[in-house]
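Chemist: Just dropping this structure here.
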Amino acid sequence: MNQSPPVSAVRIAGLQQTFVVDGVSRHVLDGIDLEIRTGETVCVVGHSGTGKSTLLRCVAGLHRPSGGEVAVAGRAVAGPPEGLAVVFQDYGRSLMPWLRIRENVTLPLRRTLSRQDRNARATEALAAVGLEGVERLYPWQVSGGMQQRVAIARALAYRPQVLLMDEPFASVDAQTRSDLEDLVVRIAAESGLTLMVVTHDIDEAVYLGNRVVVLAGKPARIAADLEVDLPSGRDQLTTKADPEFLRLRGEVMSLIRRETASIAERVSA
Amino acid sequence: MNQSPPVSAVRIAGLQQTFVVDGVSRHVLDGIDLEIRTGETVCVVGHSGTGKSTLLRCVAGLHRPSGGEVAVAGRAVAGPPEGLAVVFQDYGRSLMPWLRIRENVTLPLRRTLSRQDRNARATEALAAVGLEGVERLYPWQVSGGMQQRVAIARALAYRPQVLLMDEPFASVDAQTRSDLEDLVVRIAAESGLTLMVVTHDIDEAVYLGNRVVVLAGKPARIAADLEVDLPSGRDQLTTKADPEFLRLRGEVMSLIRRETASIAERVSA
Amino acid sequence: MRRRLTAAAVEAWLPVALVATWWFASASSTSIYFPPLRTILERFQDLWLFERVPTDVAFSLTNLGLGLGAGLVAALAAGVVFGLTPRIHTAMTPVFEFMRATPIVALLPLIVAMFGLGVTSKVVIIALGAFWPTFLNTVDGVRAVDPLVRDVARTYRLRPVTSATRVMLPNAAPQIMVGVRTSVSVAVVIMVGSELFGSSEGIGYFILQSQRSYAIADMWAGLILLGLLGYALNLLSAGVERLVLSWHEGRRTGSTTVAAAGA
Amino acid sequence: MTVSERVVEGRAVMSGASQPAPPAAARPTRRAVPAPVSQVAAVAAILAVWSWLAATDQVSDSALAGSVESFARLAEVLGTSESWAAIGQTLTAWSISLAVALAVAVPLGLLLGRSMLAYRSSRFTIDFLRTIPALGLIPLAALVYGASREAVLIIVIPACIWPLLLQTIYGVRDTDPVAIETARSYGLGRWSILGRVVLPSALPYIATGIRLSAIIAMLVAISVELLVLVPGVGSLIAVAQRNGETVDVYAYTLLAGFLGLAVVLLFSRLERRVIAWHPSVRGHR
Amino acid sequence: GGGEDSDSAATEGQLTWSYALPDSAPVLLGIEEGIFEKHGIDLVAEEAAATDLVGALISGKVDLSVNTGPGMAVAAGQNVPVVAVSGVTTFEEGATGSTGSALVVPAGSDIKAPKDLEGRKVGVNLLKSASEFGVRQVVADDGGDDALVEIVEVPFPAVADALASGDIDAALVADPFMTQLIDGGAEVPFGDPIETVFADSPRLVMTSTREWADANPDTVDALRDAVAESIELADEDPSKLIPIYEKYFKMKPEVAEATQINKLEAGISPASFATINDVLVRYDGIAEPIDVEQVVAK
Ligand SMILES: Nc1ncnc2c1ncn2[C@@H]1O[C@H](COP(=O)(O)OP(=O)(O)OP(=O)(O)O)[C@@H](O)[C@H]1O
Ligand SMILES: Nc1ncnc2c1ncn2[C@@H]1O[C@H](COP(=O)(O)OP(=O)(O)OP(=O)(O)O)[C@@H](O)[C@H]1O
Ligand SMILES: [Mg+2]
Ligand SMILES: [Mg+2]
């Protein structure tokens, strides 16, 4: 394999992942090749259970892949790489119930920042996701959507170079969701963050991404890798009305639909 | 208070809920009055952290309200009422990690059904939500969206009279989501199920509901209670293009927006 | 006020009932081994209020405190290391389990030989005994950490110390606490055993001497003192627990839910 | 089979659990030292320390026998029917105690863990009784039951009930509230919730408790045998000690240690089966 | 018969006897030789721990037990109804010429006389027993103040190390540890304090409860005769005890060979308790002198 140029933030080559359950192999990912340039936002879509989260975990160095290679910032991934943050799909369990919300957010900052700086960052990040005045509560004292935003705030406060988000806005209302989308777009643009977002919302994928990757099949492969050719100063109203947006949206939708036999068809009664 | 007629499946009167955290009262719900007729589907929307889940938990008899009354099927709620099922927002934690998926689904059926019947029901319900061949896996061996569908399957297999769902489709892809919406609509129509669905997807609220209730404010009250006047044989394409659908959708959206100061405005930049 | 009274009544009824039963059942006892409770309590008053406190009680408590402290600290540290490092765990488990299963009574001569007759050897065996319950629970608690929580700690590249103190230990805290409470009572039991040899004072020494000289009421009085001591130590650990596990209790009971509007 | 099975690089190798499949053969892998090797190394290190202590003048011969002699003697005594009879007697007392402790402590722990009222009511009594040392009660037991198995049981049973009871109570209280709420909302009755939600969720705690109690039962049984001369491994140690036969003392002490080790291995295996779903067993996702 | 639900092998007409200490060997010899049978007694021997000689007797688990003279006095002092049925040995040295116990000090110790123990730490096997009382009394007899002697309990196997490390300055030990220590260079400055103090007081006695003795006077007599005859046999040829040590105390042949036996004496004279009374009262073993009639079966 040839040396990856430093410009590619994430490089995935021939990635395979297999789980062995009760002696039976479940082949989940097969031969995934994907390259994400620094500063790029790639959205991954695909139906439930395809392997999106598994892919993300391989990039984060949390799963050892059964085959193939993953490199982040040019270095092969063996464990979680430096400067990478993850917002997990199961956000509730990813917060420590024994730490107050502020401490949950400052936890990853202990290595580098003084207490005061940590707290300032936490307050700022929490405000950015629309959470004020909850610093001193425990995660189990706030609502599901608020927990999810705490997890996002924790990742943002960490100021990673690469941010992986697994269905990060699944539990918030529509209004908050678009606000958070815009927040992430703005931060990515301002700080050159490389972003990989798993989402099941196709509008969101097209709105957020420079590219949309469709994962499909069993085992999953990359069924499509679409460039999103929309002006970079996006906004919820004009962008989502752009004909190119609508075209891409339709294309992704049909790609997914092709792969997914509708449940309705499969239900017997 | 006057005796509620048996036709009302859920009756909420003057419901108040207050949490005391570190000696400070957080007043979450204030004077909620709501009546759900048998067979009706009510969707509850509101921004993240308003108190939707709290309301649902009060109906399920899992919280003792600080004030007011809740009755299900004409009987005051003191603990979880008979014939009521809940799909929790925190679906991951609501599945028992020590039970295989099939056993998770059959768990509530042990009281009433033989082993064989239980398994048949589980298989049927799992198939209905698009999960086949996973009966013998553990919850932590399947994806987030699959876990959520297991929780839905468990509720459906239970065949409740009243079903409370807290953001039940938050973690599944768009296609599966519409399939599940249709599934629920069909089951509700066929079996006279009374349904209360918390969702942050306004389209979904209007599509599913006979009524949409908007929760807003701090403490939360019912800001609006809208009848959805759409033909009952709904389908994803025609219903969502119906002008009445679009009108209602717009109305709900503006109601919520009015209450929610946009995060963007609050961020200091 | 009323609530507090009820709470006190709930705590007290069983002990009161048991003591009453003992009192009346033993009132006319002539058995030398089961003297009337009245006699025992009289001896208790004579002996422990407070004649022997500066000598026997102080001596035993010092050993207990040192041994328990050393045992618990070692158990926590070793528990985290073993829990987090499967390789060490794998390599050391047979040796540790073997050591744990070795009857210390048989090794008393060795312990005396190595640590002398003085306080050191007593502290050492108390520490050894107190070590296991907390150690095992710490290892198991740390290993039981939610895999997702562990992933969070890994992806954010927490320093090992931060990870241990902020993530692994708090996560294992509910299980560690039960280990600590077992360790506390085991330590008291072993403290008594440690005064089997090389002693001329201590609560355990007193109990054993009373027994040998057939001063059975004195022996019972000593046992009662130990029970009370155990209860006091447990109160102490329960206090620590309330501090350490407040989040746990809150999450478990949802105790933050309070009916404000007098429902 | 060894305990090492339980953890292979932090992952469980067992049916029921899942793991990412091993990497393709071409990948360079950093295999850990195989478990048996590291275990043998650890055992060897301990034996070396022992031999050194015994060989030098640190400790007199009457307090510590040599390791080689002790193992040789152990092999010898294992050939006698007397030792096997003693092992049988000790194991009988041990298994009865543990069974009784399980039958009492687990149900009681479930009750006390679920019912705040019951817990508060018994807290003082339990904490008080828990601290009364078994050693102090041995003469009483000998009085009532003589140098018999009953004397052993009456001491050992409480000694292993307490840890197990406490573990169960705490395990019950650590049940995920969402899991209990789920069960409640589906109308599961008190008993179903206890048996199908609370008990499985408390199992990891109970398992730790069983491993604790199993060894405590063994140690206390041997100690009582030793102090009251009830037939069993303990009385073999006592006789050897009285006669100043240090090598025998160590041979029988080793025997006791191996019995305990066997017990722990047995329970670790059982535990892996019973709580296969638990993160500590299933390893890393 | 034995206790009602005792699991000993006692059946109708059998007597169970729990023995301890090698001093019991002559009686065991008598059993082996059929002497008890000859006297119409079916005696079943069970070993008991030295610290637990009274419990089983009082609770009726066994019919007969053993105890030491001072031990009996302590029990009687607390109104424990134990009586001596027959004597077995005294504290004096017997046919083998040694009591098998002595006070030892490390080589080169400056302890030469009992008075030198003042301000020192002495290890004994069991506190509140003849060992402790003996040490205290020899110090007092030598003009010293026994209150200045610290006496602690040290298990025999640990004595060598405790002496070597200076944890204790002297120890009262018995065989086989005594011989091992002396072989290792330890010195015996002034013999065996126990023997010195208690001399002809009863050491090992066979005991029963008073109730039992009162109810079975004939058996008591027969027992006395049988013990006396057994003792005679052992006195004639002490080597006959060696196989007894091996069989009943599981001693190795070398150890059995080297085991000493004290002076054998079946009779218990009231006067023989005088010293015990004297010493025990002085050192708080008992509150007041016991009535000897009270501890010896009629
Ligand atoms: N146990 C608790 N202790 C204290 N406050 C709580 C507790 N549970 C909920 N709250 C508070 O109640 C409010 C409403 O919570 P709830 O979970 O009902 O919101 P929600 O409408 O479901 O939000 P979301 O859409 O984000 O799930 C939140 O502000 C939360 O902080
Ligand atoms: N630990 C595991 N053991 C066995 N199978 C697993 C494990 N983790 C994931 N899988 C399987 O891998 C497949 C992909 O899971 P993954 O979580 O990556 O899906 P996903 O695309 O994120 O789905 P969703 O949108 O529902 O979250 C699923 O079929 C799941 O059953
Ligand atoms: Mg996923
Ligand atoms: Mg909610």
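The values are calculated or read from the model by the stated rules, or taken from the named source; none is laboratory data. What you see is a predicted model, and the numbers here were worked out from it, not measured in a lab. Because the Cβ atoms are built from the backbone with ideal geometry, glycine has one as well, and the counts that use them run over all protein chains shown.
Chemist: From the residues in segment B:28-41 that are among the β-branched types (V, I, T) and away from chain A (no Cβ under 14 Å), which one is nearest to ligand 1 (Cβ to nearest atom)?
Modeler: Narrowing segment B:28-41 to residues among the β-branched types (V, I, T): B:28, B:32, B:36, B:38, B:41.
With the extra rule that they be away from chain A (no Cβ under 14 Å), the set shrinks to B:32, B:36, B:38, B:41.
On the way: B:I32: 12, B:I36: 18, B:T38: 25, B:T41: 19 Å.
Here the answer is B:I32.
Chemist: Let me ask another. Test A:G51 against the criterion of being more than 16 Å from ligand 3 (Cβ to nearest atom) and facing another protein chain (nearest Cβ under 9 Å), and give yes or no.
Modeler: Details: more than 16 Å from ligand 3 (Cβ to nearest atom): no; facing another protein chain (nearest Cβ under 9 Å): yes.
When the stated conditions are applied, A:G51 does not pass them.
Chemist: Among the residues of segment C:154-183, which ones are crowded, with 23+ Cβ neighbours inside 10 Å and small (G, A, S)?
Modeler: Hits for segment C:154-183 are C:A172, C:G179, C:S183.
Chemist: Right, another one. Here are some residues: A:G39, A:G31, A:G79, A:G61. Which one is away from ligand 3 (no atom under 16 Å from the Cβ), touching a Gly at 6+ places or on another chain (Cβ under 6 Å) and outside any loop (DSSP other than H, G, I, E, B)?
Modeler: A:G31
Chemist: Please enumerate the residues belonging to segment D:167-190 that are of a type outside the set (K, R) and over 29 Å from the mean Cα position of the chain (by Cα).
Modeler: The answer is D:P177, D:V178, D:A179, D:I180, D:E181, D:T182, D:A183, D:S185, D:Y186, D:G187, D:L188, D:G189.
Chemist: I've got another one for you. Any idea which residue in segment B:143-156 is farthest from ligand 3 (Cβ to nearest atom), counting only those that are within 10 Å of another protein chain (Cβ to nearest Cβ) and touching a residue at least 40 places away in the same chain (Cβ under 8 Å)?
Modeler: B:A155
Chemist: Here is a follow-up. Regarding E:I268, is this residue modelled with pLDDT under 85, of a type in the set (A, V, I, L, M), crowded, with 22+ Cβ neighbours inside 10 Å and under 19 Å from E:V74 (Cβ atoms)?
Modeler: Yes, satisfied.
Chemist: Any residue that is in contact with a His (Cβ under 9 Å, 6 or more places away or on another chain), at pLDDT below 90 and charged (D, E, K, R) - is there at least one of those in segment B:176-186?
Modeler: yes
Chemist: Follow-up. Restricting to segment A:145-171, count the residues that are within 16 Å of ligand 2 (Cβ to nearest atom) and of a type in the set (G, A, S).
Modeler: Counting residues in segment A:145-171 that are within 16 Å of ligand 2 (Cβ to nearest atom) and of a type in the set (G, A, S) gives 3.
Chemist: Looking at E:V205, E:V227, E:V197, E:V173, which is the one that is under 20 Å from C:L108 (Cβ atoms), within 21 Å of the chain's Cα centre (by Cα) and not in a loop (DSSP other than H, G, I, E, B)?
Modeler: E:V173
Chemist: Can you tell me which residues in segment B:42-67 are surrounded by fewer than 23 Cβ atoms within 10 Å (Cβ to Cβ) and more than 13 Å from ligand 1 (Cβ to nearest atom)?
Modeler: Listed by number, the residues that qualify are B:G61, B:G67.
Chemist: Still on this structure, please answer the following. Please verify whether segment A:202-209 includes one or more residues that are away from ligand 3 (no atom under 16 Å from the Cβ) and more than 22 Å from A:K52 (Cβ to Cβ).
Modeler: Looking for residues that are away from ligand 3 (no atom under 16 Å from the Cβ) and more than 22 Å from A:K52 (Cβ to Cβ), one finds none in segment A:202-209, hence no.
Chemist: Of the residues C:A153, C:A173, C:A127, C:A187, only one is closer than 29 Å to A:V59 by Cβ and of a type in the set (A, V, I, L, M); which?
Modeler: Of C:A153, C:A173, C:A127, C:A187, the one residue that is closer than 29 Å to A:V59 by Cβ and of a type in the set (A, V, I, L, M) is C:A153.
Chemist: Looking at B:Q175, B:Q161, which is the one that is more than 16 Å from ligand 1 (Cβ to nearest atom), at the interface with chain A (Cβ under 8 Å from one of its Cβ atoms) and of a type in the set (S, T, N, Q)?
Modeler: Answer to the check: B:Q175.
Chemist: Which of the residues spanning segment D:227-285 are modelled with pLDDT under 80, facing chain C (nearest Cβ under 7 Å) and assigned to a helix (DSSP H, G or I)?
Modeler: D:P279, D:S280
Chemist: What is the one condition in (1) aromatic (F, W, Y); (2) more than 9 Å from every other protein chain (Cβ to nearest Cβ); (3) crowded, with 23+ Cβ neighbours inside 10 Å that C:F115 does not satisfy?
Modeler: Condition (3) is where C:F115 drops out.
Chemist: Residues of segment C:206-226 being within 7 Å of another protein chain (Cβ to nearest Cβ) and among the aromatic types (F, W, Y), which ones?
Modeler: Listed by number, the list holds a single entry, C:Y214.
Listed here are the residues, each with its yes/no results for (1) within 16 Å of ligand 2 (Cβ to nearest atom); (2) at pLDDT 90 or above; (3) more than 15 Å from the chain's Cα centre (by Cα).
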| site | (1), (2), (3) |
| --- | --- |
| A:T54 | yes, yes, no |
| A:C58 | yes, yes, no |
| A:V86 | yes, yes, no |
| A:Y91 | yes, no, no |
| A:W98 | no, no, yes |
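Chemist: Just to be sure I understand, how many residues within segment E:234-246 are farther than 17 Å from E:D175 by Cβ and touching a residue at least 40 places away in the same chain (Cβ under 8 Å)? Before the answer, list the steps.
Modeler: To start, the set of residues in segment E:234-246 that are farther than 17 Å from E:D175 by Cβ comprises E:234-237, E:240, E:243.
Adding the requirement that they be touching a residue at least 40 places away in the same chain (Cβ under 8 Å) leaves E:234-235, E:240.
Number of matching residues: 3.
Chemist: Taking segment E:250-298, which residues are in contact with a Leu (Cβ under 7 Å, 6 or more places away or on another chain) and either without any contact (Cβ under 8 Å) to a residue 24 or more places away in the chain or within 14 Å of another protein chain (Cβ to nearest Cβ) (or both)?
Modeler: E:I286
Chemist: With respect to D:I155, determine if the residue is more than 7 Å from chain C (Cβ to nearest Cβ), touching a Leu at 6+ places or on another chain (Cβ under 7 Å), over 25 Å from D:R114 (Cβ atoms) and assigned to a helix (DSSP H, G or I).
Modeler: It is true that D:I155 is more than 7 Å from chain C (Cβ to nearest Cβ), touching a Leu at 6+ places or on another chain (Cβ under 7 Å), over 25 Å from D:R114 (Cβ atoms) and assigned to a helix (DSSP H, G or I).
Chemist: If you don't mind, there's one more thing I want to ask. Quick check on segment A:178-195: of everything there that is at the interface with chain B (Cβ under 9 Å from one of its Cβ atoms) and surrounded by 21 or more Cβ atoms within 10 Å (Cβ to Cβ), which residue is farthest from ligand 2 (Cβ to nearest atom)?
Modeler: A:D179
Chemist: Follow-up question, since we're still on this one. Hey, among the residues in segment D:113-138 that are within 23 Å of the chain's Cα centre (by Cα) and in contact (Cβ under 8 Å) with a residue 12 or more places away in the chain, which one's farthest from C:E11 (Cα to Cα)? Full working, then the answer.
Modeler: So in segment D:113-138, the residues within 23 Å of the chain's Cα centre (by Cα) come out as D:113, D:126-127, D:129-138.
Add one more test, that the residue is in contact (Cβ under 8 Å) with a residue 12 or more places away in the chain, and what stays is D:113, D:126, D:129-130, D:134-135, D:137-138.
Working: D:G113: 15, D:I126: 11, D:L129: 15, D:R130: 17, D:A134: 25, D:L135: 28, D:L137: 26, D:I138: 30 Å.
Within segment D:113-138, the match that is farthest from C:E11 (Cα to Cα) is D:I138.
Chemist: With the requirement that a residue be within 20 Å of the chain's Cα centre (by Cα) and more than 8 Å from every other protein chain (Cβ to nearest Cβ), what does segment A:112-133 give you?
Modeler: Those that are within 20 Å of the chain's Cα centre (by Cα) and more than 8 Å from every other protein chain (Cβ to nearest Cβ): A:A125, A:L126.
Chemist: How many residues are under 18 Å from C:I176 (Cβ atoms) and in a helix (DSSP H, G or I) if we restrict to segment C:108-159?
Modeler: Residues in segment C:108-159 being under 18 Å from C:I176 (Cβ atoms) and in a helix (DSSP H, G or I): 19 in total.
Chemist: Wholly within segment C:1-98, which helices (runs of 4 or more DSSP H) include no fewer than the required count, namely at least 1 residues that are in contact (Cβ under 8 Å) with a residue 24 or more places away in the chain?
Modeler: Counting at least 1 such residues, we get C:37-48, C:58-84.
Chemist: Take the conditions in contact with a helix residue (DSSP H, G or I) (Cβ under 7 Å, 6 or more places away or on another chain), surrounded by fewer than 24 Cβ atoms within 10 Å (Cβ to Cβ), among the charged types (D, E, K, R) and more than 10 Å from chain C (Cβ to nearest Cβ) and apply them to D:R190. Does it pass?
Modeler: no
Chemist: Name the single residue that is farthest from D:P279 (Cα to Cα) among those in segment D:170-187 being among the aliphatic types (A, V, I, L, M) and within 11 Å of chain B (Cβ to nearest Cβ).
Modeler: Of the residues in segment D:170-187, the ones among the aliphatic types (A, V, I, L, M) are D:172, D:178-180, D:183.
Going one step further and asking which of them are within 11 Å of chain B (Cβ to nearest Cβ), we end up with D:178-180, D:183.
Numbers: D:V178: 18, D:A179: 16, D:I180: 19, D:A183: 22 Å.
Here the residue is D:A183.
Chemist: Kindly evaluate A:R136 against the criterion of being farther than 23 Å from B:F88 by Cβ, more than 11 Å from chain B (Cβ to nearest Cβ), touching a residue at least 12 places away in the same chain (Cβ under 8 Å) and among the charged types (D, E, K, R). Outline the logic, then answer.
Modeler: Numbers: farther than 23 Å from B:F88 by Cβ: yes; more than 11 Å from chain B (Cβ to nearest Cβ): no; touching a residue at least 12 places away in the same chain (Cβ under 8 Å): yes; among the charged types (D, E, K, R): yes.
So A:R136 does not fit the description; no.
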